[in-house]
Amino acid sequence: MLELRKATKTYSKGGRSVRAADQVNCVVKPGDLLVVHGPSGSGKSTLLLMLGGMLPPDRGTVLFEGHDIYRWSPARRNRYRKESVGFVFQRFFLVPYLTIFDNIRLRLILQGRSRNMDSTIRKLAERFRIEDRLNHRPGELSVGEQQRAAVARALVGGPAIILADEPTGNVDEENAEIIKNCLLTEAENGRTVVMVTHNRQFLNMSTKNLCLTAGRVIADA
């Protein structure tokens, strides 16, 4: 289970304080697909970074299976990110000089689990319809193909938590449907999925919704 308790985060911008998270409470369980929505600058990405162990709150706690992840040592928190969290970034962060196959495999290499995983990577690529792009480098792919590759990398190895920041923001409707269905399948298989999106159509696929405005939760269901 993943939980935020009164998580607060404030940034300094242009000489003034901007509160990106204002005492946010949230609980996400295995099998949940939480869709986080709200206007730009409302704190959605900040919420994901806190859940992913990349951004400590100024106040409040972030719990994974009952443990405050920001009380862990840096090494333990790094292991949490490597082993338990699959993160889909808005900007992809694919390694430009590696093939798509090796970009996906990179996560497994960091975990020390890359041996005998070729068929797993190829099956995952088939789910995202990029199996014919595995020997290409990111610059040789369309933006939509890069997005699907980035999502595939996050899912490889079966992380307990999937955090997706606008995973359909750079793709057409058909590719958005592929990504949406894959994330839904992951939740149905018992993973914890949190997806940030501006697309309100995706609210219908979620088990929970969270609406943020100026860092505050204004609605959840």
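Read-outs: derived from the displayed coordinates by stated rules, not from any lab. Fair warning: this is a prediction, and the values are worked out from it, not measured in the lab. Backbone-built Cβ (ideal geometry, glycine too); neighbour counts: all protein chains shown.
Data table
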{"quantity": "Fully extended contour minus Cα-Cα distance, from Gln90 to Glu188, at 0.36 nm per residue", "calculated": "32.9 nm"}
{"quantity": "Cα long-axis angle, helix 74-84 against the chain (0 to 90 degrees, to the nearest 10)", "calculated": "60 degrees"}
{"quantity": "Under-5 Å amide H pairs with His198, H placed in peptide plane, nonlocal only", "calculated": "none"}
{"quantity": "For the chain, with +1 on Lys and Arg beta carbons and -1 on Asp and Glu, the positive-most of Tyr97, Ala21, Ala150 along the dipole", "calculated": "Ala21"}
{"quantity": "Lys pairs, segment 1-130 - Cα-Cα below 30 angstrom, 8 or more residues apart or on other chains", "calculated": "12"}
{"quantity": "Cβ-defined net charge surrounding Gly215, 11 Å radius [Lys, Arg +1; Asp, Glu -1]", "calculated": "+3"}
{"quantity": "Local electrostatic count, Gly43, Cβ distance below 11 Å [Lys/Arg +1, Asp/Glu -1]", "calculated": "+3"}
{"quantity": "Calculated FRET value between Arg129 and Thr213, using beta carbons and R₀ = 35 Å, to 0.05", "calculated": "0.45"}
{"quantity": "Using alpha-carbon coordinates, inclination of helix 118-127 to the longest axis of the chain, degrees", "calculated": "70 degrees"}
{"quantity": "Estimated FRET transfer efficiency when R0 is 30 angstrom, pair His136-Ser17 (beta carbons, to 0.05)", "calculated": "0.10"}
{"quantity": "Within the chain, helix-based [θ] at 222 nm, where runs of 4 or more DSSP H residues each add -39,500 (n - 2.57), nearest 500", "calculated": "-10000 deg cm²/dmol"}
{"quantity": "Pairwise label distance in nanometres, Arg79 with Tyr97, each label 7 Å out on the Cα-Cβ vector", "calculated": "3.1 nm"}
{"quantity": "J(HN,Hα) series, segment 155-161, from Karplus relation 6.51 cos²θ - 1.76 cosθ + 1.60, nearest Hz, glycine and proline x", "calculated": "8, 4, x, x, x, 5, 10"}
{"quantity": "Candidates Ile161, Ile109, Ile69: whichever shows maximal mean-square fluctuation once the chain is modelled as a Gaussian network with Cα springs under 10 Å", "calculated": "Ile109"}
{"quantity": "Loop-exposed chymotrypsin sites (Phe, Trp or Tyr not before Pro) per DSSP, neighbour cap 15 Cβ within 10 angstrom, longest uninterrupted part of the chain", "calculated": "98-221"}
{"quantity": "Under-5 Å amide H pairs with Ile162, H placed in peptide plane, nonlocal only", "calculated": "Gly86, Thr192, Val193, Val194"}
{"quantity": "Full-stretch length increase - Met54, Asn181 - with 0.36 nm per residue and alpha-carbon distance subtracted", "calculated": "43.0 nm"}
{"quantity": "From phi via Karplus (6.51, -1.76, 1.60), per-residue ³J(HN,Hα) for segment 42-52 in Hz, x at Gly/Pro", "calculated": "8, x, 5, 5, 4, 4, 4, 5, 5, 5, x"}
{"quantity": "Given 15 as the ceiling on other Cβ atoms within 10 Å, longest exposed-site-free region of the chain for trypsin sites (Lys or Arg not before Pro) in DSSP loops", "calculated": "130-221"}
{"quantity": "Gaussian network model of the chain, springs between alpha carbon atoms under 10 Å - residue of Gly14, Gly41, Gly86 with greatest fluctuation", "calculated": "Gly14"}
{"quantity": "Peptides ranked, highest mean first, by Cβ atoms within 10 Å: ranges 23-35, 46-58", "calculated": "46-58, 23-35"}
